[in-house]
1. If I ask for residues that are among the hydroxyl-bearing types (Ser, Thr, Tyr) and either surrounded by fewer than 16 Cβ atoms within 10 Å (Cβ to Cβ) or outside the structural domain of B:Leu192 (by TED's automatic domain parsing) (or both), which ones from the stretch B:130-164 would you list?
2. Can you name the residue in the stretch A:330-355 that is without any contact (Cβ under 8 Å) to a residue 24 or more places away in the chain and away from every other protein chain (no Cβ under 14 Å) and, of all such residues, is surrounded by the most Cβ atoms within 10 Å (Cβ to Cβ)?
3. Among the residues of the stretch A:246-285, what is the count of those that are aromatic (Phe, Trp, Tyr), within 13 Å of chain B (Cβ to nearest Cβ) and surrounded by fewer than 22 Cβ atoms within 10 Å (Cβ to Cβ)?
4. Suppose the filter is within 11 Å of another protein chain (Cβ to nearest Cβ) and either touching a Leu at 6+ places or on another chain (Cβ under 7 Å) or at pLDDT 90 or above (or both); does B:Ser156 pass it?
5. If you scan the stretch A:204-237, which residues turn out to be touching a strand residue (DSSP E or B) at 6+ places or on another chain (Cβ under 9 Å) and over 30 Å from A:Ala275 (Cα atoms)?
6. When you scan the stretch A:688-697, do you find a residue that is more than 14 Å from chain B (Cβ to nearest Cβ) and surrounded by 14 or more Cβ atoms within 10 Å (Cβ to Cβ), even just one?
7. Mind counting the residues in the stretch B:72-105 that are in contact with a Lys or Arg (Cβ under 9 Å, 6 or more places away or on another chain), within 17 Å of B:Asn58 (Cα to Cα) and polar (S, T, N, Q)?
8. Please specify each residue of the stretch A:286-305 satisfying the condition of being within 14 Å of another protein chain (Cβ to nearest Cβ) and in a loop (DSSP other than H, G, I, E, B).
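The values are calculated or read from the model by the stated rules, or taken from the named source; none is laboratory data. Since the model is a prediction, treat every value here as computed from it, not as a measurement. Cβ: placed from backbone, ideal geometry, glycine included. Neighbour counts: every protein chain shown.
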Amino acid sequence: MKSQTRAACKAIALPLCVLALTACTEGPWNNPNPAVPEGKMTYQSVMSPAPPKHLDPVISYATDESLFLLQIYQPPLGYHFLKRPYELQPLALESLPDVVFLDAEGREIEEDEGNIAFTRYTLHIREDEHFQPHPAFAKNDKGDPLYIFNDAQEGEQYRTIPDFPRTDARPVRANDYAYQIKRLADPVNLSPMLGFMAQYIVGMPELSDQLGQVERNGWLNLDKYEMAGLEVVDDQTLNITIKERYPQFRYWLAMHFFAPIAPEVDRFYKNPGFAQRNLTLDWWPVGSGPFMMVKNDPNTEIVLERNPNFREDYYPTEGAPGDAELGLLDDAGKRLPFIDRAVYRLEKEVLPLWTKFLQGYYDRSGEVHANTKGFFDQAFVVGPNGLEAAPELADHGITVTEDVKPSLYYYGFNMRDPVVGGYTEEKRKLRKALQIAFDTEEYINIFYKGNGVAAQSPIPPGIPGNLPGKAGMNPQIYDWVDGGMRRKSIDYAKQLLVEAGYPNGRDARTGEPLKIYIDVQSQAISNTSMNWMDRMFARIGVQVEYRPADWNRTREKYLTGNTQIFSHGWLADYPDPENFLFLLYGPESPLICKCDGANNANYESEEYDEAFQAMRVLPPGEERDREIAKLVKPYQDDAVWLYAFTPKEIYLNNAWVHNTKRHGIDKGTLKYVRLDTTLRAEKQAEWNQPVTWPLYAGTFLIISMVLPGITAYRRRQNATAR
Amino acid sequence: MFAYIVRRLLYAIPILIGVNILTFTLFFVVNSPDDMAVSQLGAKYVTPEAINNWKEKNGYDKPLFINAGAKGAATFTDTIFFTKSIKLFALDFGRSESGRDITSDISIRMWPSLAVALPTFATGIWVNICVALMVVMFHATRLDRWTVFVFVGLMSISYLFYIIGGQYMVAKTWRLVPISGFDAQGQVWKFLILPVLVGVIAGIGAGARWYRTLFLEEANQDYVRTARAKGCSEMSVLFKHILPNALIPILTGVVVLIPTLFMGSLLIESFFGIPGLGSYMLDAIRSQDFAIVRSMVFIGSILYITGLILTDISYTWADPRVRLS
C-alpha cells in the first residue's frame, strides 16, 4: 500500500509542479511576452515569417526590412499618413525639394523648354533633425571619436551596441545625405539600386568605377571623393543633379536608400573585429527617426525604443474623406510618437500568431504580411447573412483594416510565343477569348475570399490613372450593363475563338486541340486552382498544361523567352502609374535588354513606347492623363495579360489599438499608433484565465492507470506458483 | 581504444569530403551563382553588372570544380568548390550570403535547440523504456495486446497532428502555457513544457514498441528464468537483468543521436518559434544561402560521425566483452 501511495503521489506531483511553476509567473500563465519596462507604453507585434536580412539602408530592398528602417531613418521625404491618393510631404526637409532644370551647359532653363539636360533638386534639411544617441558619436576629451580601435582585441568586450557605456549624438547635416548617396555608389556595398540610380544621378557611375579601384584597408572615407551630381552647399542644403528629366526621382527621395548616414557611424562600424560580432550598419541601424533599435535578435525579436532626440512632430490635422468618422483624426495635432517601445517577435506559423492575437498578446494581426488567407478562414465564417465575424471575435471588439497595396498579380502572355503571341487580329482574338474565359471575379471570390479587385488596366486602384466605373472598364472583356461591369459571355469568347482559327478549341487547319501552357511558380499555385482553371478554359474547349518551377527556373524562362503564359506579381516602389506602365515598356523586355527586365510579356508597341516616354517626364495634369489613356488602350486592345488583379489584405486590430490606417507604400507609420494599455491589461487577464480541469483530469487518468497496474503487479508478485 | 578512435577519425576525412562534394553538387544543380546573386539582391532592377559584382565580392565568379584557364594546382584550387570547402575543414564557416557571421549565429542558436532537444530526448527515452518494460511485464495478456494496438495507432499519426493538436488544446483552449515563443533571459521552462510534451508523446508509439521488442527477446532468455527462479522481484528482473542486457541495440539507436541534438528539429522549432539551428537551416534553404547550408551539413556530418564513434565506445561500457581494437 505504501508503494501505491508513493506512485500516486508521483502521479499527482507532475501536474502540481506544472501548476506551481506556471503560477510563479506574473499575470496569465500563457503570456508569451517577456516583461516590459515599467511605465513604458509597449507595442507588441510580429515580424513576418522571414526575419530581416539587411538593415543597411543602401542594401535593404524588402518590405519586411522597410518596416524597421522607416521607423529608424528619416529620408528627405515621406507620405501623408491619411490622405489618399498618396501624397508626398517633407519628412527631414523644411519643404519639398526645389526643382530647377538645366541645359547641357548647366544654365537654368524653363520646364517647357525642350533642351533639358539635367534636373537639379535642392534639399533644405531641417535644423532640428538629430541622430539618435549612439557610441559612434561619443568623443574623448580631445574631441576624437572614443570608440576607434586599432585591432580586434581592443574592443572585443563589446558584443552589442547597448554594451557601449557612452553615447552621444549630433544634428543631421546635408553632408550625411551626400555621404549615403556615395555609399550607394560604392560597389563594395552591393546596393541593389546602384545600377538603376547610376542611370540618373550625375557622376554616380564614375564614382562607382573610381571606388571600385581603391585598395581597402578598413574604413574608406567617402568624403574624400567627389561626385559630380552632389553639392553640399552648407550644413542645411544639398543639391542633387540628375540627368535629363525624371519626375519620379522625388519618390525615390522618400525611400530609405536616401536616408542620412553619418561618416562617424560608417567609420565606427569598420572597427577591426566588429563585423565578426555582427556589429555592422547592416545589423544596428543609426538614424534620426522616431525610434531606434535597442535589440536585434532576428531569431526571436527586434525591439525599438523611442529616440529621445527625435524632432517635434505632430499627428496630421487633415485626412481623407471618412477618416474623421473612423476616429482617425481624434489625435490631430498631438505630439508624436505615442508609444515608447515596440517589440516585434518572430512568428512563422499562422496558428500561434492567430492564437496570440486572439489572446490579446499581439496588438495587431500583422505588419507587412496580412496572412490574409490563413487569418480569414479563422476570423470569418459564412453565416445565413453572408460573411460574419467568427464567434470568438464577436466580444473582442476587434476592428478590421483593409489594405489595398499598389500591386498587381497577373498572368501574362509571352507576345513572342508562336501560339498565343503576335499582333495579328487572329492572335488578339485568341487572347481575348482566353481572357473572357478566365473569370477573374470568380477566381478572386474562391481563392482570395473576395479580397481583391479585378484589374482593368495595368494601373491598380489608388494610383493616378486608375479610373473608376465605366471610364476605367476594359471594353474588350466587359460590357457596361445596368450601371455595372459584366464579363462578356462565353458564347462571345467561343465566337472569338472561331474567328481566331480555333473553332471549338481545335486548330481549324490541323484539327489538333488547342493546348496552352502556363508557367507557374511551384509555391504559388494549388491543385484546386489548377482544377478551377481547367474548368474555366474547358468551357471554350481549350486544354491547359501547367509547368510548375521554382523562381530560379522561372527567371531563366523569362530571360530566354521560353514561356507561353507566365505568372508574375509587382509591388510598386512608389505611387505613380509609371511604376506599373513600365511593365510593358519595350526596352524592359528581357530579350531586348538582356537583363532581368520587367516586361516579361516581351510586349513591343511603338505607339505604347512613345506614349510611355512622353508620360514618364510629364508632371501630373491633364496632359499626363491623356498620355496614360493612350497607354491603357493598346494594353486592352492587344490583350497582353490573361488576367490581373490587385489583392486586398485584411488586418485585424485589437480594441485598444488606435490610428491603424494602413499605408500601401510607407511603412514608417508606427509613430502614429496609440495604445490603451489599461484596457489591454484588463482584456488579457479576462481572456486568459487558465482552464485547470484538464490538469486534474490528467492526474486522475494517470492514477487510474498506475494504481491498477501496481495492484496487478503486487497480486502477481504475491501469487503462489501454479 | 585510442588507436581505434584515431583510425575512425581518419576514416571521417574522406566521408566529410564526400558529403561536401555531394552537398555542393546538389546545391549548384538547383541554384547557379547567378540565381544566388538575384536572390540576395532582390528581383527588381537587378542589372548584369550588379550580379557580376555580387559574385565577385562573394567569390562566386570562379568555375565550380575545374578552372580550365588556370595552370597546375590552381586548376583545382582556384574554383568555387575548393575555396568554399577548404575553410570548413579548419572550422571556419565564414559569413552567410547576407553577410552575417555563421559561427556567431550557430553558437547563439545551438542553445535553444539543445534546450528543447535534450529534455525531449532524455524524457522520451525514460518514458519509452518504462512503458516498454511495463508492457513486457504483462506480456501475452489483454493489456499487452491493447497497448501494442495503441502504440501502432500513435505511430500512425502524423507528427504535425501532435504539434497542432497540442497547441490547440493545451495552449489555445486551456490556456495553460504559451502557444509558442522563447525567452532566453526569462522563464525558458514556460516555453519548453509544450514542445517537450509533444515531442515525448509523439515518440512513445514508435519508441516503446521498439524497446518492447528488444526486451521481449531478452525476457525469454535462460538467465531471466534463473533470476525469477532465485526469487528476484519482477522489478529487479526488469531493471537489473533485462534492461542492461538489452542495452546494446538501445545504445546503437540512441547514442548516435546525442551529438545531433545540437542541430535541433525543423518542425518543432518552426511551429513553436524556437530560435534554434533547425529553423536556421530551414531559413537558409528558403533563402538559398549556400554558405549556411554547406556549414550546417558539414557540422551535421561531423556530429553524426562523432555519434557513431561514441556509440562504439558506449558498447565497451555496456558490455565488458566488447573490445575496440
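1. First, pick out the residues of the stretch B:130-164 that are among the hydroxyl-bearing types (Ser, Thr, Tyr): B:141, B:147, B:156, B:158-159, B:162.
Hits for the stretch B:130-164 are B:Thr141, B:Ser156, B:Ser158, B:Tyr159.
2. Step by step, filter the stretch A:330-355, then rank; the result is A:Ala332.
3. Qualifying residue count, the stretch A:246-285: 3.
4. no
5. A:Ala228, A:Gly229, A:Glu231, A:Val232, A:Val233, A:Asp235, A:Gln236, A:Thr237
6. Scanning the stretch A:688-697 turns up no residue that is more than 14 Å from chain B (Cβ to nearest Cβ) and surrounded by 14 or more Cβ atoms within 10 Å (Cβ to Cβ).
7. Looking only at that region, the number is 5.
8. Within the stretch A:286-305, A:Pro298, A:Asn299, A:Thr300 meet the criteria.
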